[in-house]
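Structure record follows, encoded as structure tokens.
Nothing in this text is a laboratory measurement; each read-out follows from the coordinates by a stated rule. Predicted, not measured: the structure shown is a model, and the values here were computed from it. With ideal geometry, Cβ positions are generated from the backbone for all residues, glycine too; neighbour counts draw on all protein chains shown.
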Amino acid sequence: MVNPRAWLAEAIGTFSLIFFGTLSITLAAVAFGGTDNIAALVMISLAHASIVGIMVYTFGHISGAHINPAVTIPQVLTKKLNLKDGIGYISFQIIGAIIGALAHKAILPQGIEVHFGTQTGPSQLLNFNPISGTIVELIFTFFLVTVIFMAAIHKKAISSLAGISIGGIIFLLHLVGIPLTGASINPARTFGPALVSGFWDYHWIYWIGPIMGGIIAGVIMNYIFFRKEDKIVGEEAEELQDK
């Protein structure tokens, strides 16, 4: 059973992440004269954390509010989500990301100066090393997916705190990750702006790192920290998703 309503929720959620997240980068560059100062760093981190937390509360009960292929893939592999819905989720996440980046371009075309928020690869702090950048993205996404599995998916998690927990880890990852890799932790987050801006440098690290990190976290959480009764799969999961 597929759930197109959830696919649309993923598109809207991903649109909001790309639109508000990347807009904060352009505004920081305009308002603070660059994205490499403390004020800009906090502004961008808060924007990403806030919109993700809000979307968890808005669409969490509809689609789970993945808004990230690196979150969806581990849930397909651990059978929290069926394959057809997984493909639908990822397709609509990418569509939402592209439309979000296009909306940014339409409103603030000067965002091209920062590639409409596209991550630009490993920084000088990492010696511009793509392997280091990939490892950073892998580790960061590992902790993002760990929080999602344990704070939102686990049957004993306190659901009312899911948005706060996920928003909190997003804030932390951006606060320390923006100076390193730009803190994508989300292939769709980088793909949409990259397509619109035409900036593809180091693009591959923002797919490989997050997806690998997400899979490792999902497998470990599911098979080590979930008891049998905590694993909501198959028809039961779909029934809960439809409510």
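List the chymotrypsin sites (Phe, Trp or Tyr not before Pro) within the stretch 92-144 that fall in a DSSP loop (any state other than H, G, I, E or B) and whose Cβ has at most 14 other Cβ atoms within 10 Å. Provide the component values of the computation, followed by the final result.
Values: sites: Phe92, Phe116, Phe128, Phe140, Phe142, Phe143; in loops: Phe128.
Answer in residue order: Phe128.
Neighbour counts of C-beta atoms inside 10 Å place Lys155, Lys79 in the sequence Lys155, Lys79, starting with the fewest.
Dividing the convex hull volume of the alpha carbon atoms of the stretch 4-242 by its residue count gives 104 Å³ per residue. The fewest-to-most ranking of Glu137, Glu113 by surrounding Cβ atoms within 10 Å reads Glu113, Glu137.
Just grab the label-to-label distance for Ile87 and Ala39, each label 7 Å out from Cα along the Cβ direction, in nm (one decimal). Between Ile87 and Ala39, the simple spin-label model gives 5.0 nm.
On C-alpha positions alone, give me the angle between the axis of helix 162-177 and the longest principal axis of the chain, in degrees, nearest 10. Roughly 30 degrees, rounded to the nearest 10.
Note on the stretch 4-242: dipole from Cβ charges, positive end direction compared against Leu23, Gly13, Tyr223; the farthest Cα belongs to Tyr223.
Dividing the convex hull volume of the alpha carbon atoms of the stretch 67-171 by its residue count, what do you get in Å³ per residue? Walk me through the numbers before you get to the answer.
Numbers: hull volume 13.9 nm³, N = 105.
That works out to 133 Å³ per residue.
Between 0 and 90 degrees, the angle of helix 4-31 with respect to the longest Cα principal axis of the chain falls at about 20 degrees. Helix 187-197 and the long axis of the chain differ in direction by around 40°, with both axes built from C-alpha atoms.
Counting other Cβ atoms within 10 Å as a rough exposure proxy, the listed residues Ile185, Ile25, Ile62, Ile73 run Ile62, Ile73, Ile25, Ile185 from fewest neighbours to most.
Given R₀ = 30 Å, FRET efficiency for Phe32-Ser159 by Cβ-Cβ distance, to 0.05?
On the way: r = 37 Å, r/R0 = 1.22.
Given R0 = 30 Å and the Cβ-Cβ separation, E is 0.25.
A simple charge model with +1 on the Cβ of Lys and Arg, -1 on the Cβ of Asp and Glu and nothing else charged puts the dipole of the chain at about 300 debye relative to its Cα centre. Our coupling estimate for the stretch 62-75, obtained by passing each phi through the Karplus curve with A = 6.51, B = -1.76, C = 1.60 and θ = phi - 60°, is 9, 10, x, 6, 5, 6, 6, x, 6, 9, 5, 4, x, 6 Hz, Gly and Pro reported as x.
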